[in-house]
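Worksheet for the structure shown next.
Nothing in this text is a laboratory measurement; each read-out follows from the coordinates by a stated rule. Computed from a predicted model, the values in this text were never measured in an experiment. Positions of Cβ are backbone-derived with ideal geometry, glycine not excepted, and every protein chain shown enters the neighbour counts.
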């Protein structure tokens, strides 16, 4: 395990710890962790087209979130992993010399940033929901109320359901 | 590479492109999903290789067949959606 892996593992543990009781957050955190493990193990085994496998794992997360998400904040996880899929496609295309290649350092840094953003986003929103901060609390003071008002749309039900649940 | 394998490679690329399209641009309902999937898959299989040769100028390897079929499939998924929306927008009053 490298330093990056260890720091991500610590980040995952923290995110899991702060969102205890929020099973939806745990589900997405563990899915992201599984995707990271599969793509990293494949990459380090030296097999070809690792970016393809990474993209496939991220696409699987995207589809799972799209079909199972309930709240609006979860749909941002979908957007985040869409970006990750896109980065993998760009890197893979460069590897195949279909277009100018993206440097491996840039690729790794972008993916790390996405992983950390996912941990922060899911952990943060999971924690906010887990402590019940999204429920009504009339005694809350001015700045807290303003913050709650700003964040509250994230905890409403998503705007459009998955196409399988949509009417004709 | 024999003809059947070539077709399988193109079909694989088209399928991949349709899955990618689903990731980036989900359809409105199940009917739209079926129509778009079939359209994107057929476009990828039929036009993937001509597009690779004529416009992309990519070398003739199986990876490029997969990639070009996937790109055509992805683009046709988007084009179908855009066309349906445009036609819908210009529909006269009921």
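Table for the structure above
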| quantity | calculated |
| --- | --- |
| For chain A, built as a Gaussian network whose Cα springs stay under 10 Å, the top-fluctuating residue of A:17, A:69, A:51 | A:17 |
| Principal-axis tilt of helix A:104-130 within chain A, Cα atoms, nearest 10 degrees | 20 degrees |
| P(r) weight above 24 Å for chain B, C-alpha pairs, percent | 26 percent |
| Alpha carbon centroid spacing (whole Å) that separates the range A:12-32 from the range A:98-130 | 16 Å |
| Listed peptides A:105-113, A:146-154, A:21-29 by packing density, highest first (mean Cβ within 10 Å) | A:21-29, A:105-113, A:146-154 |
| Chain B, helix-only ellipticity at 222 nm - DSSP H runs n ≥ 4, -39,500 (n - 2.57), divided by all residues, nearest 500 | -27000 deg cm²/dmol |
| Degrees, to the nearest 10: B:3-24 long Cα axis against longest axis of chain B | 40 degrees |
| Volume per residue that the Cα convex hull of the protein assembly as shown spans, once the total is divided by residue count, Å³ | 179 Å³ |
| Normalised contact order of the range B:3-91, rounded percent, pairs of Cα under 8 Å and 6 or more residues apart | 41 percent |
| Ranked by how many other beta carbons lie within 10 Å on average, peptides A:77-84, B:50-57 from highest | A:77-84, B:50-57 |
| 0 to 90° range, to nearest 10: angle between helix B:62-89 axis and chain B longest Cα axis | 10 degrees |
| Cα-Cα pairs of the range A:12-132 separated by more than 22 Å (percent) | 34 percent |
| Helix-only CD estimate at 222 nm, as mean residue ellipticity for chain A, using -39500 (n - 2.57) per DSSP H run (n ≥ 4) | -24000 deg cm²/dmol |
| Inter-chain shielding of B:60-66 (mean C-beta neighbours from other protein chains, 10 Å cut-off) | 2 |
| Relative contact order (%) - chain A, alpha-carbon pairs under 8 angstrom, separation at least six | 30 percent |
